[in-house]
Structures are given as structure tokens and as C-alpha cells.
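Notes follow once the structure below has been shown.
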Amino acid sequence: MDGNGRWARKQNQNRTQGHLEGLKTAKRIVKAASDMGIAYLTLYAFSTENWKRAAEEVGFIMGLVKRYLIEEMDFYRQNGIRIRHAGDFPGLPEDIGQEIQKALEDTKDFTGLQVILALNYGGRDEICRAVRRMAREPKFSGEAAAVTEDLISQYLDNPDIPDPDLIIRTAGELRTSNFLLWEAAYSEYYISDILWPDWTEEDLRLAISDFQKRERRFGGVIK
Ligand code: FPP
């Protein structure tokens, strides 16, 4: 969800205003994805590297996430939206952790769109944590051959969630920025120059129709 800061600068406002506007966009896109029948939508809201930002900005983003989780409960219920989390949970501020836990619990039986909040998330960190979880299992000690791609996938944050088909990056950035490094092996990328606060349902439709024209070979050849 890149471009909040640039959007704010263009409006002569401070960065926090950009994140506030970014939250409105997130709500718009979650509704659109739910209406379109999309099964999973991951929002990269805060990375393991974003703690380097000014304390004021970090605090503001965390406050927005908390507000989002609390204020949107009726909306999740009405739309059957299930909330999930990806990232280092113990590293989150306690109040945010509690709010996430509550949202996970309150929405666990909903069968519509699953919104995965990537918060305190880093792709390398996720792989490290998965390997650490595996290393703690006595059944794998010394069993190097047991380590397969499928096994590692089972130790990631949300093993039941399929790898993403499409990864959208806004504001013209051309990096992965540590997002879903393992899961993105064969994802299709879509780069939009539009700043995240300006993103609309129509932009999501354009991204999906572009994706639908891609030929996915997963390393193989088309017969
Ligand atoms: C990246 O833009 C954006 C972030 C690091 C924060 C994203 C957070 C939100 C949109 C609010 C919370 C969202 C949810 C779904 C609860 P940037 O600040 O790096 O922008 P810039 O590259 O233009 O400076």
C-alpha cells in the first residue's frame, strides 16, 4: 500500500494524513474484493523494517490498525469477512495484539473473504520463524532429508492460505520489500503508478483483468 507519504506531500499535509487516507482506501478495496468474490486479500500494513520510522508515525499507524479492527466489526459481520494475521505476533504492542486476537476469534467462523493483515511482517522473518519452529520439533532432529518445500510451507504463519496469485504494488515501486518471499515464488506482479490513497475499485478491476491475460507456466511450458 505504497504512496501514502507522497500523497500527503502533494496535498501539503503531513505523512499521518496520508496514512489516514490510506486506511480509507483499504476499507474501499476490502469491500470491493469482498463484492467480487475474491477469497484472500493480504494487506501489507507494517513491515518488520517499518519500526525505523519516526515514533510518531509508527504510533499513528498502530492506532489506525487498532481503530480499523474495532470499528469495522459490524462490516465484517455483515459481509462474512474473516480477519487473519501474518507476521511476528509477540513483537506487536500488547494492545494491538489483544485487538488482533479478538478480531481473529470473533471472525473465525466467517466464510467470505479472508483479509490477512500483514503487520510486523517480513518475508525473511517469517521464514526464520518457520525454521525455528521446525528446529524445535524433536521428530526432525538430524533428519535433514525431511526438510522439503512442502514441510517449510506448513510452518509458515498461515499454512492453510494458498500462495498469492497476484501481488499488487502501488506508487510505482519496483521492489518486493520483503513481502511474502516464500509464497510469492510464482505470483504474478502488477505495478501501478497510482498512489495508494488514490486507488479505487476500478483500479482493482484493471489489475485483475490484466492478471487474467497472463499465461502462467509455473516454470513449465504451455502444451
Ligand atoms: C507505505 O506508504 C504505507 C505504510 C507503511 C502504512 C500502511 C498503513 C495503512 C494504509 C493504514 C493501516 C491499514 C490497515 C489495513 C489497517 P509510505 O508511507 O511508505 O508512502 P511513501 O512511500 O509515499 O512515503
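Points worth noting:
- Around Leu113: net Lys/Arg minus Asp/Glu count, Cβ-Cβ under 12 Å: +2
- Rounded to the nearest whole Hz, the Karplus-based 3J(HN,Hα) values (6.51 cos²θ - 1.76 cosθ + 1.60, θ = phi - 60°) of region 127-141 follow the sequence 5, 4, 5, 5, 5, 4, 4, 5, 5, 6, 7, x, 5, 9, 4, with x at glycine and proline.
- Protein accessible area in the chain, 1.4 Å probe - carbon and sulfur %: 50 percent
- The magnitude of the dipole of region 44-192, with charges of +1 and -1 set on the Cβ of Lys/Arg and Asp/Glu and taken from the Cα centre, is near 240 debye.
- Amide H contacts under 5 Å for Leu195, placed H, 5+ residues apart: Ala171
- Solvent-accessible area per residue for region 1-120 (1.4 angstrom probe, square angstrom): 49 Å²
- Once you reduce region 111-176 and region 42-108 to the center of their Cα atoms, the two points are 18 Å from each other.
- Once backbone amide H atoms are built at 1.01 Å from N, Ile167 has Glu188, Tyr189, Tyr190 as its partners under 5 Å, excluding neighbours fewer than 5 places away on the same chain.
- Packing-based ranking, highest mean first, of 56-63, 2-9, 156-163 given that Cβ atoms within 10 Å are counted: 2-9, 56-63, 156-163
- Distance-filtered residues of region 1-17 - backbone nitrogen under 20 Å, label point 7 angstrom along Lys27 Cα→Cβ: 1-5, 7-8, 14-17
- FRET efficiency, Arg214 to Phe110 (Cβ-Cβ, R0 30 Å, nearest 0.05): 0.50
- Within the chain, helix-based [θ] at 222 nm, where runs of 4 or more DSSP H residues each add -39,500 (n - 2.57), nearest 500: -13500 deg cm²/dmol
- All lysines inside 26 Å of Lys102 as judged from Cα atoms, apart from same-chain residues fewer than 8 positions distant: Lys24, Lys27, Lys31, Lys66
- Structural descriptor for the chain: relative contact order 25 percent, calculated from alpha carbon pairs under 8 angstrom and at least 6 residues apart.
- The mean sequence separation of alpha-carbon pairs under 8 Å and at least six residues apart, normalised by the residue count of region 154-223, gives a relative contact order of 32 percent.
The values are calculated or read from the model by the stated rules, or taken from the named source; none is laboratory data. As the structure is a computational prediction, the values presented were derived from the model and not from experiment. Quick reminder, even Gly has a Cβ in these numbers, built from the backbone with ideal geometry, and neighbours come from all protein chains shown. The area values use the complete protein model at the heavy-atom level, side chains included, leaving out ligands, DNA and RNA. Shrake-Rupley method; radii C 1.70, N 1.55, O 1.52, S 1.80 Å.
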